[in-house]
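I have placed the structure first, in the form of structure tokens, so that the comments after it can refer back to it.
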Amino acid sequence: MQLPTSLPPAAANALPLLRTLTLFTIAGAAIASRLFSVVRFESIIHEFDPWFNFRATKYLVANDFYSFLDWFDDRTWYPLGRVTGGTLYPGLMVTSALIFHGLKALTLPVDIRNICVMLAPVFSGLTAYATYLFTREMKDHSAGLLAAAFIGIAPGYISRSVAGSYDNEAIAITLLMFTFYLWIKALKLGSAFWGALTALFYFYMVAAWGGYVFITNIIPLHALVLVIMGRYSSRLYVAYSSWYALGTLASMQIPFVGFLPIRSSEHMGALGVFGLLQLVGFAVYVRARVPSKQFKVLVVGSVGALVVLGVAGIVGLTVSGVIAPWTGRFYSLWDTGYAKIHIPIIASVSEHQPTAWPSFFFDTFMLIWLFPAGVYVVFQELRDEHLFVIIYGILASYFAGVMVRLMLTLTPIVCVCGAVALSNILDIYTNLEKPVEEEEEKKEEKEEASPLKKATTSLIEDEASILSLGSMSKKPLIGVYSNWARGIVLGMFTLYLYMFVQHCTWVTSNAYSSPSVVLASQMADGSQHIIDDFREAYYWLRKNTAEDAKVMSWWDYGYQIGGMADRTTLVDNNTWNNTHIATVGKAMSSREEVSYPILRKHDVDYILVIFGGLLGYSGDDINKFLWMVRIAEGIWPEEVKERDFFTARGEYRVDAEATPTMKNSLMYKMSYYRFADVFGRQPAIDRVRNQRIPSPMQDASAAPIELSSVEEAFTSENWIVRIYKVKELDPFGREHAAATAFESGKKKSGARGRTAPVGGHAKGRARVLRV
Amino acid sequence: MRTIQFCVLLLAALFACVVSAAPERDSTYMDKLLKSSSINPGLIRLTDKNFGDVISAPRDYAVVVLLTAESPSMGCQLCRQFAPDYHLVAQSWSKEHPKSGDGLYFAVLDFVDGQRTFQSLGLKTAPNVWLYGPTVGENAGPAAPIVYEIHGVVDMPGSVARFIESHVPGVGITIYKPRDYSKIGQAVTGLVAIGLFIRYLYPILKPFFESRTLWAGISLVAILMFTSGHMFNNIRHTPYVAGNKEGGVSYVAPGFQQQYGFETQVVAVLYAFLAFGAISLSIKTPRIKDSTRQLLSVLTWATIIWCLFSALMFVFRMKNPGYPLSLPPMTK
């Protein structure tokens, strides 16, 4: 089917060099396009989870590997603590630590923070190379290079791998593509060596990311489809068996994974296909040695019995509880209503929401429509490895549709398929060989009357048969006659490629390069203004509180408090204990009198809330408040009720019409405490919710918000972070509310010279209010 | 004569006093009711006549009453939705306590049987779940009922059970979901049907199953569906179109994280034609023998791709007004 090449032989010799150069350039572009945040802000770790990974990496660098695996962290999940070493995927930290020690051995001391910040961009360069290798197996070098260029700058992958985004996914996608490439290679060659390499990279992937389950299921599925299609071969047998046996044993060495590969249902598919391949292999072996009639009896008897035994065994083990049921996150992929009912924590995470169509276009631009074209193109040839692309494509688009974060696994295959489709077009239209028109002379004689009309009618016939493209591909490939056709098609796609680069740069620059720890805003004159409230507040905590102070906040900020302020937290982003999170939710959503005993029981010294009302920062705690209520309601349905936070008309209000439950909740009070004072006689407007907070200066009937059991300790420049200190028990044994009322009454009666008795701690020094 | 009558009355009054000192209604009465007038297992069907008796004040048992209006003529959708969940809780309790209620009873009073009760209680809406706790014994509480909030609760049976557990001390309810035999039946029938299908029809339909075009078609449709936001519609139950403020119909949802059913279909069709364009350019046109026809075909498909891609970006800019890229002709 290949057209004769129009390349001169001298140029063909230079191709490998050219390819290498191109690959390096692509890697350079991939790294460079991820540096927006470093250039704009500074070399800083982003968001939430990376802060934990960074903290763990620092621990690993400071201690040795075994103490890292045995690490019990008593500074999180107070008072429970967390067996951190046994509940994390160590791949990322070990990679950074190895790079750190390697560079140190080369006498190149690089700060561990810089290694962590730059790890994701560097690995994205490697991903481009892995994608090149993978696509080369599907089509050829040129498709490989195109795919590498696509994955290098595709926003869907950049979203998780900008500099500073130090998360498991940063290295996991690289490993994913390498594992897939090696699997294809092993399958093509039927080589146990390549199978073992696949297992090695699979092991690395298991060590790095929980998403390894995707590989665990897609490779068996590929093998199963091959068997069903009658494409069983000894190559498949060797590749699969070597990968499965070695890979499973290796993956069990990760403490967090342990015995899951032989117990959890997510891994059962791989085990089942392994068993099936043994059966099929055995059957093929016997058939070669036994006459066909006896063989039939033998197969029907033995295989049937084995299948029944196997199914009964799996069912029995599941019922008796030896095989664990599906884990929640994985289960919610299939039964999409499941998470909302049973696991509000999973449903509350924004990256677990379903994906609306704009995200697909946003993350892949034109590749999203070249993707189906590429799948169609590989269907034409349908070699064993092409089936893998098809299965991967369908599964990944389903998963990406269910969960936003899984766009990440879809992006590589979109790039591969898009590259296959586009390079197919480019192959044909860049080929300058002019085909010889065989029947031209005959036709011209016949159709001189109206060649154009004739051509149009037959063209319409052709378009009508568009759905029967399959039959088209059986005709011989001729090539392109007209240079006009070449020019138009190539020009059009060159423009699209140019726009692709523009799109990717724009998306990366505007959407994916914000560290979210530091915010940027535009001033009226267009200059950039940096809002650094988070670090200001965390640094205040670090410098002004006791080293063993316990800070309560909603779980989103747990990792940041641990990483930046180095203080003990109650809950963090590793949401393993729903009840503990619900406790925090209850403390936040209840009245002070209810919350205070909870705070005391958990030794809470400070409470940290995020408030965006002054600045218009929408990701604040009041907007997340309903999730706190919902999660708390899941545990204490009698004490916390979501309904009470909505007005009679079902609105979520924070202004004068807010429900009493809302107004009396600790979260509401801490968010809006002294908020109206800022505005003086102006109406106090919450800029996020565009509602008017009752202000005593404006409206005599509005009582100022009073806090009795906690006191304001710190509020950051733009009020984004507010920290409150929990008061000690009253020395006279009074209720806090009574004590506060008593003190304020005294002040009014004129006793100014005396300082009010405080509960045994210094007060006032901490208040930094810049309004 | 008068004195005798008086004495008798006095005696009767005394006797009544003695009797009412012990609980007037105890569990044995309820157990009897459970045997005589249960409709579903573990569920007592009340009427106007015995409702007052069941909830009368000195009682040593807890009783949960569902005040509902299930008859179709009442048109209470929620009542009919809620009934199976409530029955399940009652059934689960009676499964663990088969002979008697053991101090916790489930009852239902339908509006048809209890109009007077509804009136006297001043009830205007249904369904209501009221829990009357015991007023004597170690767990004694007030005689007034506790109201269960039905609205906005997910996982109904579990939430009802938790509600009861939290108000009646010492009660633990395990929900037993009855095995749905119809589903097993369906599965078996389905398996048999598939078996028969393979046995008899597969040889006829074999060309279809081995048709590459068919499988390619299925794969492409699946991919186009998923990448145009079908799962989002499925999970969020998005409306097909929505009305706007001017009273017209808006086809495209504002905002990047929102979508309507209509626009996803438009996008799917755009993707499909763009993909077909790319397929045609790479597979179809280079196989056309006639040069003029080939040029025309290339021009046609290139124009289609150009215009539709322009349209796609146009739709995308409606979702994301700040998006800078555009192609003519739809640049606005």
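The values are calculated or read from the model by the stated rules, or taken from the named source; none is laboratory data. Since the structure is predicted, the reported quantities are computational estimates derived from the model, not experimental observations. Here Cβ is always computed from backbone atoms with ideal geometry, including for glycine, and neighbour counts include all displayed protein chains. All accessible areas refer to the heavy atoms of the entire protein, side chains included, with ligands and DNA or RNA removed. Shrake-Rupley method; radii C 1.70, N 1.55, O 1.52, S 1.80 Å.
Tabulated results
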| item | result |
| --- | --- |
| Carbon plus sulfur fraction of accessible area for chain A, probe 1.4 Å, in percent | 61 percent |
| For the stretch B:173-272: rounded, prolate or oblate by the Cα gyration tensor [a/c cutoff 1.5] | oblate |
| Fraction of antiparallel bridges per DSSP, the protein assembly as shown only, in percent to nearest 5 | 65 percent |
| For the stretch A:536-748, share of DSSP beta bridges that run antiparallel, in % to the nearest 5 | 75 percent |
| Threshold 30 Å² - residues in the stretch B:202-240 whose accessible area is reduced by that much or more when the chain is no longer isolated, probe 1.4 Å | B:R212, B:T213, B:A216, B:S219, B:L220, B:I223, B:F226, B:T227, B:M231, B:F232, B:I235, B:R236 |
| Per residue, in Å², the accessible surface of chain B once ligands and nucleic acids are set aside, probe 1.4 Å | 54 Å² |
| With at most 12 other Cβ atoms within 10 Å, longest stretch of chain B clear of loop GluC sites (Glu not before Pro) (DSSP) | B:1-137 |
| Degrees between helix A:212-228 axis and first principal axis of chain A (Cα, 0 to 90, nearest 10) | 30 degrees |
| Along chain A, longest interval not containing exposed chymotrypsin sites (Phe, Trp or Tyr not before Pro), exposed being DSSP loop plus at most 16 other Cβ atoms within 10 Å | A:327-575 |
| Residues in the stretch A:491-529 that, when all protein chains are in place, have 40 Å² or more less accessible area than the chain alone would give (probe 1.4 Å) | A:M492, A:Y496, A:M499, A:W506 |
| A:F65/A:Y539 FRET efficiency (R0 45 Å; Cβ-Cβ; nearest 0.05) | 0.90 |
| Chain A: relative contact order in percent, alpha carbon pairs under 8 Å with at least 6 residues between | 12 percent |
| Paramagnetic reach from B:Q258 in the stretch A:349-378 [backbone N under 13 Å; point 7 Å along Cα→Cβ] | none |
| Accessible surface of chain B [probe 1.4 Å, protein heavy atoms]: carbon and sulfur percent | 64 percent |
| Estimated buried accessible area (total), pair B and A, 1.4 Å, Å² to nearest 100 | 6900 Å² |
| Greater than 23 Å apart at Cα, pairs in A:K586/B:K95; A:K543/A:K727; A:K663/B:K245; A:K586/B:K177; A:K188/A:K293; A:K139/B:K289 | A:K586/B:K95; A:K663/B:K245; A:K586/B:K177; A:K188/A:K293; A:K139/B:K289 |
| Chain-alone versus full-assembly comparison, the stretch A:395-410, residues with accessible loss of at least 50 Å² (1.4 Å probe) | A:Y398 |
| Long-range amide H partners of A:D572 with built H, under 5 Å | A:W77 |
| Average accessible area per residue (Å²) across the stretch A:493-586 - probe 1.4 Å, nucleic acids and ligands excluded | 37 Å² |
| In the stretch A:211-310, trypsin sites (Lys or Arg not before Pro) in a DSSP loop with at most 15 other beta-carbon atoms within 10 Å | A:R231, A:R289 |
| The stretch A:105-191 - accessible surface per residue (Å², probe 1.4 Å) | 25 Å² |
| FRET efficiency for B:Y240 and A:L106, using Cβ-Cβ distance with R0 set to 41 Å, rounded to 0.05 | 0.10 |
